[in-house]
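Peer 1: Below you'll find the structure I mean.
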């Protein structure tokens, strides 16, 4: 919800209030805000009288129409993402033949939970996650080799949760935490 200077002092309609409530509920469902933040921001929305009063309640939320799902696909060859790149809320990686390498150590992660779905035929996959990340891969089915992952001895609280699911045919998934 972008408010223009002249609109910020205009009265708030019930439709605007409902849209703000839905946006907060969506942000909570996608784990952008905590339950306590939801309660506090809902109170701000419900007592707002102008568009300007809504701005603090909606501050720091992702853009309304920001894409939250992306697909990276290749029939053969390598799929590689590294360096600074924006990680969507849900990432689907599809490859019939070839290796996959996702390095999230310097990526921009705006979501508390990131779902990565792997649909791989043959080939290896290597995922590097940030140091403080929590990794869950119970939803991954491997046909040939087990996943290699060693949890960190000590992790910093507050890192994103990376949930890996999908199916891997012939190949192995290696998951590691970034060293720095």
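The values are calculated or read from the model by the stated rules, or taken from the named source; none is laboratory data. Just so we're clear, the structure is a prediction, and the values are computed from it rather than from any experiment. Don't worry about glycine lacking a Cβ; one is built from the backbone with ideal geometry, like all the others, and counts go over all protein chains shown.
Peer 1: Are there any pairs, at least 6 apart or on different chains, whose C-beta atoms fall under 9 Å, with the first in segment 56-69 and modelled with pLDDT of 85 or more and the second exposed (fewer than 11 other Cβ atoms within 10 Å of the Cβ), and if so, which?
Peer 2: Partner pairs satisfying both residue conditions: none exist.
Peer 1: Also, I was wondering about something else. Answer yes or no as to whether residue 166 is at positive phi, surrounded by 15 or more Cβ atoms within 10 Å (Cβ to Cβ), in a strand (DSSP E or B) and modelled with pLDDT of 90 or more.
Peer 2: yes
Peer 1: Report yes if residue 142 is crowded, with 19+ Cβ neighbours inside 10 Å and either in contact with a strand residue (DSSP E or B) (Cβ under 9 Å, 6 or more places away or on another chain) or free of Cβ contacts under 8 Å to residues at least 12 places away in the same chain (or both), otherwise no.
Peer 2: Values: crowded, with 19+ Cβ neighbours inside 10 Å: no; either in contact with a strand residue (DSSP E or B) (Cβ under 9 Å, 6 or more places away or on another chain) or free of Cβ contacts under 8 Å to residues at least 12 places away in the same chain (or both): yes.
No; evaluated as a whole, the condition is false for this residue.
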